[in-house]
Amino acid sequence: MTSSRDGLPPALASMWRLLKLGYRHEPGMLVAAFALSLLAALPDALLALWLMLLGEGLLRGDRRLVVLAAVGLGLSATATWFLRTVSTRVQRRFRDKVTVALESHVARLQASVATIAHQERPDYLDRLSVLRHQIFVLDHMYMSVFSTCGWILRLGVTVGLLMSIHPALVALAVFALPTVLTSTWRPGVERTAEEKGAQANRLAQHLFMTATTAPPGKEVRVTGIGERLVEERRRAWERWYGPVAATRWASAGWHTLAWAIFGGAYVGAIVFVSSGLHASPGDVLLVLAAGARLSAYIGATVGEIGFLRGIWLDGSQRLAWLEDYAASLVAEADRPAPSRLAEGIRLEGVSFAYPGTDRMVLDGIDLALPAGAVVAIVGENGAGKTTLVKLLCKLYEPTAGRILIDGVPLARMSADDWRSHLAGAFQDFFRFEFRARHSVGVGDVTRLDDEAAVAAAVDRAGAEDVVARLPAGLETQLGPTWPGGVEVSFGQWQKLALARGFMRTEPLLLVLDEPTAALDAETEHALFERYAATARGGGNRITILVSHRFSTVRMADLIVVLDGSRVAQVGTHEDLMGKGGPYAELYGIQAAAYR
């Protein structure tokens, strides 16, 4: 899932990258938490030694040995409690701080990925779905690493004590290897089974949300599909859980066998020391105590290793994949976006198929969009209008061909840099349930709290009537689920989204992809006529208008007609009406509907 770094295997390389991420954000606390976890392990590991000395002292009647063992036991118990308490508090503080850093890192990565293809490809969505669930426990993984090192230290001390009686007793650790192997193998196998069924699991979650949340509530009740949603959800969950459960049972069987092997070796070690070596009672007591603790330590160690293998390594690999994926998309972005357009935008042989499909949504598009023009894109549903807009916004990279900005390939420009010169509004806008001022202001984050800029954007969008109806104007909380929040209609949300798109006053490219579909034709026409006049006065700005309403489209300087994934016609309204063809036919059909 990711390439190796520093000569390490991919799994360990990804874990190492996550450790470095934690160190980068909280170096002092990470070192302190790690050191304390090791110190807390030592007193606990020495308990078997104190028990042996206590037994020897009692059997020999050696009071000094008894006192030494008693003091050792007391110090070990006290130090274990004290160091464990301090270590836990430090680790929790480190975890709380690193949690924010990790979640912010993943959110920033997803937001900074140059395209949105990773959010639409099923295979990538499965990875991201697992990562989103894992990111909330990745902070615990640092604690798991600290604990694992502590358990390994305990194991080392315990094995050393056993070898002090006879070197052959190291075989106990050898017989523990099957438990280690099954513990590291099980989570990987189970995680693979979970990921194979991730699509069914996502479907089950989607159906559950559909059946239980408010937005689809009206249609669910009117159509009466509630029972069907519940049944389909159960079936989807069973398609996911069936293979996962079978895998878990099989891996549990092998793990049980591994522990049976270790249990037999432990019994054999006790018989060997007590009968074969004729060891002293103290030595037998040491084997009993150390062997029993060895069993507990191995159980804890393999449990932590399994946890690391199942969550940390798995999650860190997905995190490393996301980091590498985001970096790969900007590897060739070595040119800045222009501060103004001199020539315009040119598409040369641009073709595009959505990830995971072979159907060309756009095929061999050659098109010139001159600087300063208002360009309308029309065509029937599915002709590729919105897809063309997404390519211009660098939300996708063309499958073939190239897009040139003043002669420079768009592929060589940073997505963030290019988008900082864009503005726009879309039909499938998002409802930002913030205060109205911020819901509009996020269109230009640098002026988020600039009341004059927000008011001007509201005016350009013709949304003054929406703001006037809000109880506290622009300070009104939007969304009825928030304290003091209010609900607004779809059309009002759309006007606020349009105002958000007008926050940037001097974009190189303004995209208006049917952002006024909820408005009546007359209002839309008046709005765009006013904005088109402003856009033409801007000099070098290109305005892209996507609309099904030809009364609005006809005002454009250039009309691009898409038909069957290709450019069918290009020209002004008058030119295209004079030539006949798809545009004239569509215009005539719509005009007849208004007679």
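The values are calculated or read from the model by the stated rules, or taken from the named source; none is laboratory data. It should be emphasised that the depicted structure is a prediction, and the values quoted were computed from it without experimental measurement. Cβ coordinates were reconstructed from backbone atoms using ideal geometry, including for glycine residues, and neighbour counts include every protein chain displayed. These area figures cover heavy atoms from the full protein model, side chains too; ligands, DNA and RNA do not enter into them. Shrake-Rupley method; radii C 1.70, N 1.55, O 1.52, S 1.80 Å.
Is it fair to say Val170 is in a helix (DSSP H, G or I), in contact with a helix residue (DSSP H, G or I) (Cβ under 6 Å, 6 or more places away or on another chain), without any contact (Cβ under 8 Å) to a residue 40 or more places away in the chain and not acidic (Asp, Glu)? So Val170 fits the description; yes.
Please enumerate the residues belonging to the range 138-163 that are touching a residue at least 60 places away in the same chain (Cβ under 8 Å) and over 30 Å from Val31 (Cβ atoms). Listed by number, the list holds a single entry, Leu162. Looking across the range 351-400 at every residue that is polar (S, T, N, Q) and in contact with a strand residue (DSSP E or B) (Cβ under 9 Å, 6 or more places away or on another chain), the one that is most open to solvent (accessible area, probe 1.4 Å) is identified as Thr399. Among the criteria (1) in contact with a Gly (Cβ under 7 Å, 6 or more places away or on another chain); (2) within 30 Å of Pro471 (Cα to Cα), the one Ala400 does not fulfil is (2).
Are any of the residues in the range 463-479 assigned to a loop (DSSP other than H, G, I, E, B), touching a Ser or Thr at 6+ places or on another chain (Cβ under 8 Å) and surrounded by fewer than 19 Cβ atoms within 10 Å (Cβ to Cβ)? Taking every residue of the range 463-479 in turn, at least one turns out to be assigned to a loop (DSSP other than H, G, I, E, B), touching a Ser or Thr at 6+ places or on another chain (Cβ under 8 Å) and surrounded by fewer than 19 Cβ atoms within 10 Å (Cβ to Cβ). Between Thr247, Thr179, Thr184, Thr192, the distinction of being surrounded by fewer than 15 Cβ atoms within 10 Å (Cβ to Cβ), among the polar types (S, T, N, Q), assigned to a helix (DSSP H, G or I) and out of contact with any Leu (no Cβ under 8 Å at 6 or more places or on another chain) belongs to Thr192 only.
Listed by first and then second residue, the pairs with beta-carbon distance under 7 Å, at least 6 apart or on different chains, first residue in the range 352-365 and β-branched (Val, Ile, Thr), second open to solvent by less than 30 Å² (accessible area, probe 1.4 Å), are Val361/Phe352; Val361/Ala353; Val361/Gly384; Val361/Thr387; Val361/Ser565; Ile365/Leu347; Ile365/Val350.
Regarding the range 441-461, can at least one residue be identified that is over 20 Å from Thr386 (Cβ atoms), in contact with a strand residue (DSSP E or B) (Cβ under 7 Å, 6 or more places away or on another chain) and not small (Gly, Ala, Ser)? Before you say what the answer is, go through the steps one by one.
Taking the range 441-461 first, the residues over 20 Å from Thr386 (Cβ atoms) are 441-442, 444-461.
Next cut, in contact with a strand residue (DSSP E or B) (Cβ under 7 Å, 6 or more places away or on another chain) only: none.
No, there is no match, as no residue in the range 441-461 is over 20 Å from Thr386 (Cβ atoms), in contact with a strand residue (DSSP E or B) (Cβ under 7 Å, 6 or more places away or on another chain) and not small (Gly, Ala, Ser).
With respect to Trp259, determine if the residue is modelled with pLDDT under 85 and open to solvent by 40 Å² or more (accessible area, probe 1.4 Å). In short, yes.
The rows are residues; the columns are (1) over 30 Å from Ala342 (Cα atoms); (2) of a type in the set (Val, Ile, Thr); (3) over 26 Å from the mean Cα position of the chain (by Cα).
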position: Ala423; (1), (2), (3): no, no, no
position: Asp444; (1), (2), (3): no, no, no
position: Ala463; (1), (2), (3): yes, no, yes
position: Leu474; (1), (2), (3): yes, no, yes
position: Trp482; (1), (2), (3): yes, no, no
position: Gly485; (1), (2), (3): yes, no, yes
position: Ala499; (1), (2), (3): no, no, yes
position: Met503; (1), (2), (3): no, no, yes
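Being charged (D, E, K, R), touching a His at 6+ places or on another chain (Cβ under 7 Å) and either surrounded by 15 or more Cβ atoms within 10 Å (Cβ to Cβ) or modelled with pLDDT under 70 (or both): is that true of Arg554 here? So Arg554 passes the test.
Against the definition (modelled with pLDDT under 80 and either under 44 Å from the mean Cα position of the chain (by Cα) or in a helix (DSSP H, G or I) (or both)), how does Arg93 come out, yes or no? So Arg93 fits the description; yes.
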